[in-house]
Structure formats: structure tokens, C-alpha cells
Amino acid sequence: MPSPAGSRPASSSAPVSPDDLLTLLAVARLGKFTAAAAALGVNHTTISRRIASLEKAVAARVLVQSPDGWELTATGSALIPAAEAVEAALAGAVRAARPEASPADPVVGTIRLAAPEGFVVHYALPALARLQRSHAGLQLEVLTATQRARRYRSGVDIEVVVGRPDAPNTTVHRLRRYALALFAAADYPLALPQEPADIAGHRLVYYPAHSLGVDGLENAAATLPEPAGFLTSNSISAQVRATQEGAGIGLLPVFAARAAGLERVVPEFSVPMTYWAAVRPEALRSATVGAVLEALRAPEPAAADTAPRRRGAAG
């Protein structure tokens, strides 16, 4: 493990190891030894040993543990440009050994992304597939999670959340707006609700109550009357399928409901939402992280609340 707080690593005449610098860079970007180990293809013990070796070589602490995870010290921050130079040199060596690769492509390496399922399926995957087709050296690990931005180091390069994140030492980037609205299957067996109060006579398909900790999503259902029943799931795909099967009225993202061919009901009911990305400053220095973040951005839709017309609507 790195030296205990307050202690100064013993000096050493040993040169700084490139592997140790790359390890520091991975921990700086991801904030966790376990995540850095996974990214580098080694175990947790190797990460700890390399950091200790680096601290011995420079005779100073390079990381300090905080409630949010591992953070760089002043010495650690000063070493980051050298670590990035090592990373770039290795990428150049790989390109030289692979003539078919783009000779000047800086978008290489593995990026870990955590994002809500709906965003991943409908926006991230199409954008990232296009990006990978243009950059043969880009690898992606995509995790699905709908939650508020974690205040501790999350172990991912980019974390996408619903609502503007409030996390320490994090840069925030607005990705796109969307809206929640009410939808039903084309063959829904009951009379369609005409106004929000009518939801009291229907089963509601949505997230389990108090399961997300995301204020915007929690509050969306709270604006409706108590439904006659419910079918809840933490999976947006399951919510869409349940609505398609006529299980109830779905409170769904407009983009997901449109893609599934669902019909909008109570058209005046709409809850605006926004996807945001949280990125650590250390990670944002990477050209690869920057390229992935830019791919996740999208031109704002002409209207965040566009949706299919409900049954019987004029036109």
C-alpha cells in the first residue's frame, strides 16, 4: 500500500518505472485500485506494489486516500505529464507495429462508462459503435446504472446520470434533454386516461419507489395521483415491455416509448429531465476520454417532449 499519511517514503536511487507511472495514471483517472487493476489487467496487489515503488523512487507520496477514493498529491500531479508521455509512446509503438492502424490516431485504450440503461441503449451504443469504427484501438466497457452521481470515486472514466451531478472534484457536462410522459399499448384493454387524475383508475408501470435516490425520477411519479396498482422494475427495457403487454400505463422516457411504438396518453403531462456526464479532471486530460465524451453529446432535439400522438388525436 502507499505510505501511511504523514510519512515520507524512503529515498531510492532506483529509476522511475514506466509501469509505475502508468499505474499512477490509471489510479488518478479511476480513483480505485480495483478499477485500475482491471483496466491494466493486473491484480490489486500489483497496483499497490507499483505505487509503493513509485513513491520510493521519488521519495514522496503520490496518492492520498480520501473518503472519495485515491487522490493525487502535488508530487503525483507533477508526475502525470510524464505518465501521459509514457502512455502516448507505448501507443505509438503499437501503431508502428500495426501498419493497418491509423498512424496518428490518439484515440486508443479502454474507457469505462457507467450510464442509465435507456441512455446506453438508445444513445450511447449507436454513438460509440460509430466511434469504434473510426478508431480501431478504442475499447469500451459499458455498465448500466440509474442512480445519482456518486460522491466517492466511482472507478469509471465517465459517469452519466439523470440531473446535474453534485460530486467533489468533478467536471460536469450536459449531454441531452429528454422528457418522461405517459404511454399505453395500442391494444390497451381499458379506457385510456384523459387527464392526470384518471391514473387513479389504472396500474402504473415505473421504477420502484425510493429505489434510485435520483430526485427528478422520484418526484416524477409523485406528481400523479395514487394509481390503482403498479408494476415496477429498475430496468427501463422491462418497463417498456410491460407497457407493450398492456400491464398498465407506463411513465416512460419519450424516446424509449417512441421507439417501442407506444401511444401517448394525457399529452399535457410531461416531466423534463436531463442527462449529465460527470468526469474527473484527470480523466478529461485523456484524448480518448474526450473523444468518447464528445460522441455522447448530441444536438438538442427540436423539442424534448416530441412523441407519437395518442389514439384519436386530430391529424
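The values are calculated or read from the model by the stated rules, or taken from the named source; none is laboratory data. Remember, it's a predicted structure, so these values are computed and weren't measured experimentally. Quick reminder, even Gly has a Cβ in these numbers, built from the backbone with ideal geometry, and neighbours come from all protein chains shown.
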Checklist entry - Out of all the residues in the stretch 210-219, is one or more surrounded by 16 or more Cβ atoms within 10 Å (Cβ to Cβ) and outside any loop (DSSP other than H, G, I, E, B)? => result yes
Checklist entry - Could we say that LEU63 is closer than 16 Å to ILE111 by Cα and either in the same structural domain as ASP157 (by TED's automatic domain parsing) or in contact (Cβ under 8 Å) with a residue 40 or more places away in the chain (or both) here? => result no
Next on the checklist: Can you list residue pairs whose Cβ atoms sit under 9 Å apart, with the first residue in the stretch 66-90 being more than 22 Å from LYS32 (Cβ to Cβ) and assigned by TED's automatic domain parsing to the domain that holds VAL156 and the second being of a type in the set (Ser, Thr, Tyr) and at pLDDT 85 or above? Count only pairs 6 or more apart in sequence or on different chains.
Outcome noted: none
Checklist entry - How about the stretch 266-299: which of its residues are over 18 Å from ALA28 (Cβ atoms), part of a helix (DSSP H, G or I) and of a type in the set (A, V, I, L, M, F, W, C)? => result ALA291, ALA295, LEU296
Next on the checklist: Considering only residues that are in contact with a Ser or Thr (Cβ under 7 Å, 6 or more places away or on another chain) and either surrounded by 16 or more Cβ atoms within 10 Å (Cβ to Cβ) or free of Cβ contacts under 8 Å to residues at least 12 places away in the same chain (or both), which ones fall in the stretch 220-241?
Outcome noted: GLN239
Checklist entry - When you go through (1) surrounded by 14 or more Cβ atoms within 10 Å (Cβ to Cβ); (2) out of contact with any helix residue (DSSP H, G or I) (no Cβ under 7 Å at 6 or more places or on another chain); (3) assigned to a strand (DSSP E or B) one by one for ARG174, which number turns out not to apply? => result (1)
Checklist entry - Taking LEU224 and the conditions (1) more than 19 Å from GLU117 (Cα to Cα); (2) of a type outside the set (Gly, Ala, Ser); (3) assigned by TED's automatic domain parsing to the domain that holds LEU113, which numbered condition does it fall short on, given that it satisfies the others? => result (3)
Checklist entry - Do we have any residue at all in the stretch 180-197 that's touching a residue at least 12 places away in the same chain (Cβ under 8 Å), in contact with a strand residue (DSSP E or B) (Cβ under 8 Å, 6 or more places away or on another chain) and within 28 Å of ARG280 (Cα to Cα)? => result no
Checklist entry - When the stretch 14-46 is examined, which residues are found to be of a type in the set (Val, Ile, Thr) and either in contact with a helix residue (DSSP H, G or I) (Cβ under 7 Å, 6 or more places away or on another chain) or assigned to a helix (DSSP H, G or I) (or both)? => result VAL16, THR23, VAL27, THR34, THR45, THR46
Checklist entry - Which one of these does ALA257 not meet: (1) in contact with a Pro (Cβ under 8 Å, 6 or more places away or on another chain); (2) assigned to a loop (DSSP other than H, G, I, E, B)? => result (2)
Checklist entry - Given the structure, is VAL142 in a strand (DSSP E or B) and either touching a helix residue (DSSP H, G or I) at 6+ places or on another chain (Cβ under 6 Å) or not assigned by TED's automatic domain parsing to the domain that holds VAL214 (or both)? => result yes
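One line per residue, one yes/no per condition, for (1) surrounded by fewer than 22 Cβ atoms within 10 Å (Cβ to Cβ); (2) out of contact with any His (no Cβ under 7 Å at 6 or more places or on another chain); (3) not basic (Lys, Arg):
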site	(1), (2), (3)
THR23	no, yes, yes
ALA28	no, yes, yes
GLY31	no, yes, yes
ILE47	no, yes, yes
LYS56	yes, yes, no
ALA59	yes, yes, yes
THR73	yes, yes, yes
Checklist entry - So is ALA78 in a helix (DSSP H, G or I), within 19 Å of VAL27 (Cβ to Cβ) and modelled with pLDDT under 85 or not? => result no
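Conditions tested, residue by residue: (1) modelled with pLDDT of 85 or more; (2) more than 13 Å from VAL289 (Cα to Cα).
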{"residue": "ARG95", "(1), (2)": "no, yes"}
{"residue": "PRO99", "(1), (2)": "no, yes"}
{"residue": "ASP105", "(1), (2)": "no, yes"}
{"residue": "ILE111", "(1), (2)": "yes, no"}
{"residue": "ALA115", "(1), (2)": "yes, yes"}
{"residue": "GLY118", "(1), (2)": "yes, yes"}
{"residue": "TYR123", "(1), (2)": "yes, yes"}
Next on the checklist: Suppose we filter ALA256, ALA220 for residues that are under 26 Å from ARG164 (Cβ atoms) and either modelled with pLDDT of 95 or more or in contact with a helix residue (DSSP H, G or I) (Cβ under 6 Å, 6 or more places away or on another chain) (or both); which single one remains?
Outcome noted: ALA256
Next on the checklist: Checking the structure you have, find out if any residue of the stretch 51-66 is assigned to a helix (DSSP H, G or I), over 30 Å from PHE255 (Cβ atoms) and acidic (Asp, Glu).
Outcome noted: yes
